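Visitor: Sending over a structure as structure tokens; questions will come in a sec.
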Amino acid sequence: MRERLLGKASYASLRKAGGRTSPWSDLVLLTTCNRVEVYTLTEAPRRVCEAVLRALGVSEDEHLLYVLEDRDAAAHLLRVASGLDSLAEGEEQVAAQVRNAPRQRPARASARGPLADSFLHAARSASRIRRLAGVSVADASASHAAVRFLEAVVPVENRIVALIGTGKMARIAAKSLRPRAEIRILNRNFARARELAEALGGKAVPLADLRKVLTEADIVLAATAVRHPLITPQMLRAAIRRREGRPIWLIDLGFPRNVDPSCRTLAGVHVVDLDGLAPWGQRPPSPSAHARVEHRIRGEAERMIESLRPAASVDIAVLRRKAEAVRRHEVEATLARLPDLSEGDRAVVDKLATRLVNRFLHGPTERLRSLPEGTRTEIVRQIVESLQRGPG
């Protein structure tokens with residue numbers, strides 16, 4: 001399904017689906033190894049959903065589209081950028097993908113703009129959020145998940161492991177497996193395969209010899225950027241006849257897939273793709289770390305949304321500053337009448353007042369944001385004046 005959506009997801013298809021008058025004022029398309037997401041600024045979310053479904057060639061009945069709005073959408077983008085929503089939890093690479101996503105827009109679209117700024121903000125926040133979660137990026141990748149899977153399920157000692165590709169994911173796997181296995185490296189560019197093999201003490205093999213490698217290898221880890229599978233059932237059937245019953249493990253880290261999914265129907269063939277590796281990439285933070293992370297994400301999401309509503313932000317900021325001034329005055333007056341309170345009790349009173357103000361203001365400020373600018377400004381002016389006059 002991911003390959004199907006990836007083939008359809010483009011700015012051209014979205015522009016065509018949006019029609020002559022697009023339902024969005026700004027749009028960013030984000031594609032990674034396990035997601036296709038469309039972020040928009042819009043006042044017509046229903047029309048946007050219909051346009052995205054048309055662009056991707058799917059129907060509502062397939063239940064493939066999830067919709068998040070406002071702070072929920074901003075919080076999701078922060079989780080994505082931080083790698084907390086990745087196959088390998090805490091994956092660092094996705095922050096760069098988020099940062100670069102607005103730059104992939106057509107040349108006539110500005111590299112800046114409200115959504116581009118939000119993506120940059122999310123990418124910049126990623127490292128702080130990962131630290132709060134206690135996630136290490138040192139072993140957070142699909143390759144590390146694959147190695148953990150192999151160590152737990154498939155004995156690696158004295159195995160022949162073939163790596164197809166010389167990119168970052170292949171290099172990570174090669175370094176992790178080299179001390180315990182015989183490494184063979186295949187790549188379309190044989191010079192690159194030889195360079196990596198020399199660095200790791202492995203053996204470079206021309207990609208043209210893949211059929212022979214499938215006969216000999218115990219584990220094949222494929223991590224290349226190809227449009228069509230490199231390993232097919234036809235190729236494997238010939239290898240199986242010569243393997244004399246020895247099983248083969250195919251670890252597919254490619255997106256699109258490097259291994260045809262129907263290969264798993266063959267006897268003695270075990271195919272593990274990105275979805276199958278997901279449990280080996282998840283290392284959830286502790287409950288306390290999770291609470292800290294969610295608090296930070298919600299705060300950052302609030303700031304991102306406010307930046308997308310500059311006019312509303314100014315008016316509501318004025319209201320909140322006045323409310324905070326009144327809160328502080330009342331707390332100081334109350335504490336002056338209670339001089340025997342301990343520092344801890346004084347802090348409790350101050351925190352209680354803050355929570356009450358935030359709770360009372362939440363609903364009204366959400367309603368104010370939805371009002372026309374002139375109406376909102378006038379209502380805020382009246383509220384601020386009433387706060388200045390005080391009760392009665």
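Visitor: Taking the stretch 14-39, which residues are open to solvent by 30 Å² or more (accessible area, probe 1.4 Å) and over 17 Å from the mean Cα position of the chain (by Cα)?
Guide: 15, 16, 19, 20, 21, 22, 24, 25
Visitor: If you don't mind, another one. Just the residues that are of a type in the set (Ser, Thr, Tyr) and either under 15 Å from residue 332 (Cα atoms) or surrounded by 11 or more Cβ atoms within 10 Å (Cβ to Cβ) (or both), please, taken from the stretch 356-374.
Guide: 365
Visitor: In this structure, is residue 68 within 20 Å of residue 370 (Cβ to Cβ) and assigned to a loop (DSSP other than H, G, I, E, B)?
Guide: Yes.
Visitor: In the set 90, 83, which member is modelled with pLDDT under 90, under 16 Å from the mean Cα position of the chain (by Cα), part of a loop (DSSP other than H, G, I, E, B) and within 26 Å of residue 8 (Cα to Cα)?
Guide: One residue alone meets the criteria, 83.
Visitor: Here's another thing I want to ask about it. Looking at this structure, is residue 75 at pLDDT 90 or above, assigned to a helix (DSSP H, G or I) and surrounded by 19 or more Cβ atoms within 10 Å (Cβ to Cβ)?
Guide: Yes: the conditions hold for residue 75.
Visitor: Quick one: residue 184 ticks every box in (1) out of contact with any helix residue (DSSP H, G or I) (no Cβ under 8 Å at 6 or more places or on another chain); (2) crowded, with 20+ Cβ neighbours inside 10 Å; (3) over 26 Å from residue 279 (Cα atoms) bar one, so which box is it?
Guide: Here residue 184 clears every test but (1).
Visitor: Given the residues 333, 353, which is the only one that is of a type in the set (Gly, Ala, Ser) and either farther than 20 Å from residue 388 by Cβ or surrounded by 11 or more Cβ atoms within 10 Å (Cβ to Cβ) (or both)?
Guide: The unique qualifying residue is 353.
Visitor: Please go through the stretch 233-274 and give me each residue that is among the polar types (S, T, N, Q) and open to solvent by 40 Å² or more (accessible area, probe 1.4 Å), ordered by number.
Guide: The answer is 234, 262, 265.
Visitor: If you take the residues of the stretch 190-240 that are basic (Lys, Arg) and modelled with pLDDT of 90 or more, which of them is nearest to residue 179 (Cα to Cα)?
Guide: 203
Visitor: Looking at residue 53 and the list (1) in contact with a strand residue (DSSP E or B) (Cβ under 9 Å, 6 or more places away or on another chain); (2) assigned to a helix (DSSP H, G or I), which single condition is not satisfied?
Guide: (1)
Visitor: Which one of these does residue 86 not meet: (1) open to solvent by less than 40 Å² (accessible area, probe 1.4 Å); (2) free of Cβ contacts under 8 Å to residues at least 12 places away in the same chain?
Guide: So the condition that residue 86 fails would be (2).
Visitor: Additional query: Out of curiosity, is residue 291 within 30 Å of residue 117 (Cβ to Cβ), among the hydrophobic types (A, V, I, L, M, F, W, C) and surrounded by fewer than 17 Cβ atoms within 10 Å (Cβ to Cβ)?
Guide: Yes.
Visitor: Within the stretch 196-239, count every residue that is small (Gly, Ala, Ser) and closer than 18 Å to residue 261 by Cα.
Guide: 5
Visitor: If you don't mind, another one. Of the residues 374, 276, 390, which single one is closer than 30 Å to residue 148 by Cβ and either at pLDDT 80 or above or small (Gly, Ala, Ser) (or both)?
Guide: Among 374, 276, 390, only 276 is closer than 30 Å to residue 148 by Cβ and either at pLDDT 80 or above or small (Gly, Ala, Ser) (or both).
Okay, residues lined up against (1) open to solvent by less than 20 Å² (accessible area, probe 1.4 Å); (2) among the aromatic types (Phe, Trp, Tyr); (3) modelled with pLDDT of 90 or more:
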| residue | (1), (2), (3) |
| --- | --- |
| 44 | no, no, no |
| 99 | no, no, yes |
| 112 | no, no, no |
| 119 | yes, yes, yes |
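The values are calculated or read from the model by the stated rules, or taken from the named source; none is laboratory data. Just so you know, these numbers come straight off a predicted model, no measurement behind them. In this analysis, Cβ positions are derived from the backbone assuming ideal geometry, glycine residues included, and neighbour counts consider all displayed protein chains. For the accessible areas, the whole protein counts, side chains as well, though only heavy atoms, and no ligand, DNA or RNA atoms are used. Shrake-Rupley method; radii C 1.70, N 1.55, O 1.52, S 1.80 Å.
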